[in-house]
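Participant: The structure under discussion is supplied below as structure tokens; questions concerning it will follow.
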């Protein structure tokens, strides 16, 4: 009885569990009025996330450091939070050409919880420890817990176990930092390296954290992986250049990227991509630096995968106007 009453009292203190005064009469409104209220509340989410940029930046640097050591980024969450982690992880390979093992998502209740709610799974501490152990977490890895309420037992246990194994840890919540700083979370705080607390306030529908909280979490996860990938050289100008040509759409996108960045026509883009083994990065350097595929690959290696640096390094080592490669 005491445990359930404690949980009841704890939930009462969370801003995401409070009633939103702006939506008290939402059940009496017309469709267009409801939509305007939802849209107005969603506008506040970006502002809440922006306030956390200093902490998000620290988290991203940790993730980059892990990647440079061939470590991993692992998201851990329950319910909507877990699904968003799984989604972000799943989107990185087709977008940035990453190995699926590089970024992964773990959700309470396992794979089936992605498609159908497993509400009791968020309370299973033993399952969280088991899931972390199965991942063989190491010091070079970063584990990111995602928990709207801060207190989610599965996520808390996973982060604490990851920290025991030396991993760097991030914690994302949509309740205020002042809440995380309460005595009840003292033990959890010791296991967190960087906390991101985007205070989105009460939900439009009380406790429906798939709404503003979910939006905030998605924005933050986008920022973490996208910025990390930019910093690792997987973007040139503002285009994806490490994408894998695994579908007809991606094949055509690769050609378009090459045409935009270098000014070649469709036929030449297709020809150079073939010579580059389907690698957009290599193709860009081939054209921009006027070199063969092998030379472009070597320059990219020396430049740690950054296209601008690879082109610049090559030009610095060549005589002006000298033609190296004809395509």
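Participant: I need every pair where a residue in the range 264-293 that is on the phi > 0 side of the Ramachandran plot and without any contact (Cβ under 8 Å) to a residue 60 or more places away in the chain has its Cβ under 7 Å from the Cβ of a residue that is assigned to a loop (DSSP other than H, G, I, E, B) and surrounded by fewer than 22 Cβ atoms within 10 Å (Cβ to Cβ), sequence separation at least 6 or different chains.
Facilitator: From residues that are on the phi > 0 side of the Ramachandran plot and without any contact (Cβ under 8 Å) to a residue 60 or more places away in the chain, the pairs are 278/245; 290/323; 290/324; 290/325.
Participant: Of the residues 121, 90, only one is part of a helix (DSSP H, G or I), in contact (Cβ under 8 Å) with a residue 24 or more places away in the chain and in the same structural domain as residue 216 (by TED's automatic domain parsing); which?
Facilitator: Answer to the selection: 121.
Participant: Can we say residue 225 is buried (at least 16 other Cβ atoms within 10 Å of the Cβ) and in contact with a strand residue (DSSP E or B) (Cβ under 8 Å, 6 or more places away or on another chain)?
Facilitator: Against the criterion (buried (at least 16 other Cβ atoms within 10 Å of the Cβ) and in contact with a strand residue (DSSP E or B) (Cβ under 8 Å, 6 or more places away or on another chain)), residue 225 qualifies.
Participant: Could you grab me the full set of residues in the range 93-118 that are more than 24 Å from residue 227 (Cα to Cα) and either part of a helix (DSSP H, G or I) or outside the structural domain of residue 158 (by TED's automatic domain parsing) (or both)?
Facilitator: Correct list: 112, 113, 114, 115.
Participant: Is at least one residue of the range 234-254 at pLDDT 95 or above, closer than 17 Å to residue 305 by Cα and surrounded by fewer than 18 Cβ atoms within 10 Å (Cβ to Cβ)?
Facilitator: Taking every residue of the range 234-254 in turn, none turns out to be at pLDDT 95 or above, closer than 17 Å to residue 305 by Cα and surrounded by fewer than 18 Cβ atoms within 10 Å (Cβ to Cβ).
Participant: Which of the residues spanning the range 9-50 are surrounded by 12 or more Cβ atoms within 10 Å (Cβ to Cβ) and assigned to a loop (DSSP other than H, G, I, E, B)?
Facilitator: Result: 13, 14, 18, 19, 20, 29.
Participant: Given the conditions (1) free of Cβ contacts under 8 Å to residues at least 40 places away in the same chain; (2) over 25 Å from residue 228 (Cβ atoms), and given that residue 16 satisfies all but one, which numbered condition is not satisfied?
Facilitator: (1)
The values are calculated or read from the model by the stated rules, or taken from the named source; none is laboratory data. Just so it is clear, the structure is predicted and the values come from calculations on it, not from any experiment. When we count neighbours, we look across all protein chains shown, and the Cβ atoms used for this are built from the backbone with ideal geometry, even at glycine.
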